[in-house]
1. Just to be sure before I move on: is residue 86 at pLDDT below 90 and over 19 Å from residue 139 (Cβ atoms) in the structure I sent?
2. May I ask you to list the residues in the stretch 75-108 that are touching a His at 6+ places or on another chain (Cβ under 7 Å) and either over 28 Å from residue 5 (Cα atoms) or basic (Lys, Arg) (or both)?
3. Would the stretch 56-75 turn up any residue that is in contact with a strand residue (DSSP E or B) (Cβ under 6 Å, 6 or more places away or on another chain) and over 21 Å from residue 118 (Cα atoms)?
4. At pLDDT below 95, of a type in the set (A, V, I, L, M) and within 24 Å of residue 10 (Cβ to Cβ), is that true of residue 102?
5. Select from the stretch 4-52 the residues that are over 18 Å from residue 136 (Cβ atoms) and either among the basic types (Lys, Arg) or touching a Phe, Trp or Tyr at 6+ places or on another chain (Cβ under 8 Å) (or both) and list them in ascending order.
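The values are calculated or read from the model by the stated rules, or taken from the named source; none is laboratory data. What you are looking at is a predicted structure, and each value in this text was computed from that prediction instead of being measured. Glycine also receives a Cβ, built like all others from the backbone with ideal geometry; neighbour counts cover every protein chain displayed.
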Amino acid sequence: MLELRFEGDPVLLETAAPVQQFDEELAGLVRDMFETMYAAPGRGLAAPQVGVSTRVFVVDTDWKDADPAPMIFINPEIANQSEDKAVGTEACLSIPGKSFDVSRPLWVELRWQDLDGVAHHGRFEAVQAICICHELDHLNGLLVTETGVLQ
């Protein structure tokens, strides 16, 4: 398992660097991130949250209520998103014991790469869209604050 980083750690405020090498080291990081996320227990985890400033995050919004559905996102970018937003309560593994009301788009279209560097495009809604936006914020050096504003 990897060591989680918490609010106040400078790595959480950095813009993460794009992944250049799609190799066993990256695959090992992703495996360790899933192990850490499930143990935490969370629904998503970004590489900066484990001290690695690279554009990778993992998500599994189903595992607590249904069969696991792990997803890996490398070099993700939002291609489009709904103009309509909804406010929901979010928690963050890097800010334990707190939750915040945050406004998020109802859906997002994302471009990303997989562990082999293959490009993908997909649309995500509801809790998946929320989780993806939350983890993408981590890659951009943003944390949720008590006012619900991202800083």
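1. Answer is no for this residue.
2. 79
3. Within the stretch 56-75, not a single residue is in contact with a strand residue (DSSP E or B) (Cβ under 6 Å, 6 or more places away or on another chain) and over 21 Å from residue 118 (Cα atoms).
4. So residue 102 passes the test.
5. Selection gives 31, 38.
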